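A.B. asks: Below is the structure I would like to discuss, written out as structure tokens.
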Amino acid sequence: MATSPSPFPADRKLLALNQEERQRLQLQIEDAVARSWPEACSVSQRLLHEARPPDDLWERAIQRTASVLLESSPAPLDASSLLIRNFLRVARKRKAAQSRMLPISEVATAISIEDAVVAQLDFKKIMRSLDPEDREILILRFMAGRSWVEIAAIKGLSTLAQSMRA
């Protein structure tokens, strides 16, 4: 099991802790790391396709957990579930960032020219079959890159109604 080199955030509040409080926080973090490690490995495998959590993400999750524990009221928090939630959050962000950075050459080689032509024809057929109002909404959202909030403002509808219509 890998552990983080620094289980505490670089926080001024940490400097104000006495030795006993600092040791209690250290023990809470170490226990949380030990109890949540198998689940963190499972999350890492499922989301990132890596056998164990990447060190930078695991470190960030530990730092956030320590910060929350440091700032929490006297009510006890389950540090291991908090650590997993923090790791899930940073792992999902990493996965989203990776999916946005897919190299264009990789995309181009994965699609044959025949598939691209068929997709283009299907797209044109679908766009022609749409109501002009719906077509305009889709063009604004996916071709012009407008958000649902912007489209709702342009069309004079609520955001929920606008996104449900598309």
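The values are calculated or read from the model by the stated rules, or taken from the named source; none is laboratory data. For clarity, every value in this text was computed on a predicted model and none was experimentally measured. All Cβ positions, even for glycine, are placed from backbone atoms using ideal geometry, and neighbour counts span all protein chains on display. The area values use the complete protein model at the heavy-atom level, side chains included, leaving out ligands, DNA and RNA. Shrake-Rupley method; radii C 1.70, N 1.55, O 1.52, S 1.80 Å.
A.B. asks: What's the number of the only condition in (1) part of a helix (DSSP H, G or I); (2) modelled with pLDDT under 80 that residue 134 fails to meet?
C.D. replies: Answer for residue 134: the failing condition is (2).
A.B. asks: Suppose we filter 67, 81 for residues that are hydroxyl-bearing (Ser, Thr, Tyr) and either closer than 15 Å to residue 25 by Cα or open to solvent by 60 Å² or more (accessible area, probe 1.4 Å) (or both); which single one remains? Outline the logic, then answer.
C.D. replies: On the way: 81 fails: either closer than 15 Å to residue 25 by Cα or open to solvent by 60 Å² or more (accessible area, probe 1.4 Å) (or both).
When all the criteria are applied, what remains is 67.
A.B. asks: Return the residues of region 37-57 that are of a type in the set (A, V, I, L, M, F, W, C) and either open to solvent by less than 40 Å² (accessible area, probe 1.4 Å) or assigned to a helix (DSSP H, G or I) (or both); say none if nothing qualifies. Write out each step before concluding.
C.D. replies: Going through region 37-57, the residues of a type in the set (A, V, I, L, M, F, W, C) turn out to be 37, 40-41, 43, 47-48, 51, 57.
Hits for region 37-57 are 37, 40, 41, 43, 47, 48, 57.
A.B. asks: Cβ-Cβ below 8 Å, separation at least six or inter-chain, first residue in region 19-46 and over 17 Å from residue 72 (Cα atoms), second among the aliphatic types (A, V, I, L, M) and open to solvent by 90 Å² or more (accessible area, probe 1.4 Å): which pairs?
C.D. replies: Close Cβ pairs satisfying both conditions: 33/1; 34/1; 37/1.
A.B. asks: Taking the stated definitions as given, is residue 76 part of a helix (DSSP H, G or I) and either open to solvent by 80 Å² or more (accessible area, probe 1.4 Å) or at positive phi (or both)?
C.D. replies: Details: part of a helix (DSSP H, G or I): no; either open to solvent by 80 Å² or more (accessible area, probe 1.4 Å) or at positive phi (or both): yes.
It is false that residue 76 is part of a helix (DSSP H, G or I) and either open to solvent by 80 Å² or more (accessible area, probe 1.4 Å) or at positive phi (or both).
A.B. asks: Given the conditions (1) open to solvent by 80 Å² or more (accessible area, probe 1.4 Å); (2) under 23 Å from residue 24 (Cα atoms); (3) in contact (Cβ under 8 Å) with a residue 40 or more places away in the chain, report the number of the one that residue 60 does not fulfil.
C.D. replies: (3)
A.B. asks: Next up: Among the residues of region 149-166, count how many are modelled with pLDDT under 80, part of a helix (DSSP H, G or I) and either of a type in the set (A, V, I, L, M) or within 26 Å of the chain's Cα centre (by Cα) (or both).
C.D. replies: To start, the set of residues in region 149-166 that are modelled with pLDDT under 80 comprises 157-166.
Now restrict to residues that are part of a helix (DSSP H, G or I): 159-165.
Of the ones still in play, those that are also either of a type in the set (A, V, I, L, M) or within 26 Å of the chain's Cα centre (by Cα) (or both) are 159-164.
So the count comes out to 6.
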